[in-house]
Amino acid sequence: MSTGKVSGAKDSLGTGRRKTSVARVRIRPGDGKITINQRTMDDYFDNEKDRRNVLVALESASKTGAVDVIIQVHGGGISGQSGAIKLGIARALKIFDAECEPALRQSNLLTRDGRMKERKKYGLRGARKGTQFSKR
């Protein structure tokens with residue numbers, strides 16, 4: 001199952017999802033510029049953990065300064081968005097350069113995290129929390 005495609009001359013596309021976030025990632029040869037929703041990565045992510053999450057796929061494939069990454073992301077929160085971007089970059093890198101796939105798979109970057117929010121059940125206050133018991 002192919003989740004990305006090559007468009008134009010040397011652009012590679014990948015889609016990443018995490019929780020309710022969806023990231024569309026485009027990778028092209030360049031000098032290492034990362035743009036997220038028309039903003040720089042440092043401007044978009046305040047937390048260092050989220051910035052590292054975005055860069056981990058590029059570092060694992062040794063493509064940090066060799067490609068430009070253009071990302072459109074929406075939905076969810078900041079942490080979910082960084083996870084979606086990580087998966088999208090890994091999938092796009094796999095299409096961009098097939099020799100990167102073993103390193104990405106070894107780092108477990110091509111596996112989608114399937115954990116989602118559990119639904120609320122009737123008779124309870126949330127997914128699992130019930131009402132407080134009252135003896136009297």
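The values are calculated or read from the model by the stated rules, or taken from the named source; none is laboratory data. Since we're looking at a predicted model, the values are computed, not measured. Because the Cβ atoms are built from the backbone with ideal geometry, glycine has one as well, and the counts that use them run over all protein chains shown.
Taking (1) in contact with a Gly (Cβ under 7 Å, 6 or more places away or on another chain); (2) crowded, with 18+ Cβ neighbours inside 10 Å in turn, residue 60 satisfies each apart from (1). Scanning the range 66-91 for residues that are more than 20 Å from residue 19 (Cβ to Cβ) and either touching a helix residue (DSSP H, G or I) at 6+ places or on another chain (Cβ under 9 Å) or surrounded by 23 or more Cβ atoms within 10 Å (Cβ to Cβ) (or both) gives 66, 67, 69.
Screening residue 23 with (1) surrounded by fewer than 19 Cβ atoms within 10 Å (Cβ to Cβ); (2) touching a His at 6+ places or on another chain (Cβ under 9 Å) gives one miss only, at (1). Counting only helices (runs of 4 or more DSSP H) that fall entirely inside the range 36-136 and contain at least 2 residues that are within 21 Å of residue 10 (Cβ to Cβ), the qualifying elements are 48-60, 78-96, 101-106.
Taking the range 7-32 on its own, how many of its residues are in contact with a helix residue (DSSP H, G or I) (Cβ under 9 Å, 6 or more places away or on another chain) and not in a strand (DSSP E or B)?
Initial filter on the range 7-32 (in contact with a helix residue (DSSP H, G or I) (Cβ under 9 Å, 6 or more places away or on another chain)): 10-29, 32.
Still in the running and not in a strand (DSSP E or B): 10, 19-20, 32.
Qualifying residue count for the region: 4.
Per the listing 49, 94, the residue uniquely of a type outside the set (Ser, Thr, Tyr), over 13 Å from residue 18 (Cα atoms) and surrounded by 18 or more Cβ atoms within 10 Å (Cβ to Cβ) is 94.
Contact annotation: residue pairs with Cβ atoms under 6 Å, 6 or more positions apart or on different chains, pairing a residue in the range 59-85 that is closer than 16 Å to residue 117 by Cα with a partner that is of a type outside the set (Gly, Ala, Ser) and in a loop (DSSP other than H, G, I, E, B), are 75/20; 76/19; 76/20; 80/19. Of the residues making up the range 57-74, those that are at pLDDT 95 or above and under 12 Å from the mean Cα position of the chain (by Cα) are 71, 72, 73, 74. Would you check which residues across the range 35-44 are closer than 22 Å to residue 113 by Cβ and either hydroxyl-bearing (Ser, Thr, Tyr) or modelled with pLDDT under 95 (or both) and list them? Passing the criteria: 41, 44. Listed by first and then second residue, the pairs linking a residue in the range 16-31 that is among the hydroxyl-bearing types (Ser, Thr, Tyr) to a residue that is surrounded by fewer than 24 Cβ atoms within 10 Å (Cβ to Cβ), with Cβ atoms under 6 Å apart and 6 or more places separating them unless they lie on different chains, are 20/75; 20/76; 21/75; 21/76; 21/80.
Output the residue which, of all residues in the range 34-46 that are under 16 Å from residue 23 (Cα atoms) and not hydroxyl-bearing (Ser, Thr, Tyr), is surrounded by the fewest Cβ atoms within 10 Å (Cβ to Cβ). Show your work before the answer.
Filtering the range 34-46 for residues under 16 Å from residue 23 (Cα atoms) gives 34-41, 44-45.
With not hydroxyl-bearing (Ser, Thr, Tyr) added as a condition, the list becomes 34, 36-39, 41, 45.
Numbers: 34: 22, 36: 22, 37: 13, 38: 10, 39: 12, 41: 18, 45: 21.
Filtering the range 34-46 for residues that are under 16 Å from residue 23 (Cα atoms) and not hydroxyl-bearing (Ser, Thr, Tyr), the one surrounded by the fewest Cβ atoms within 10 Å (Cβ to Cβ) comes out as 38.
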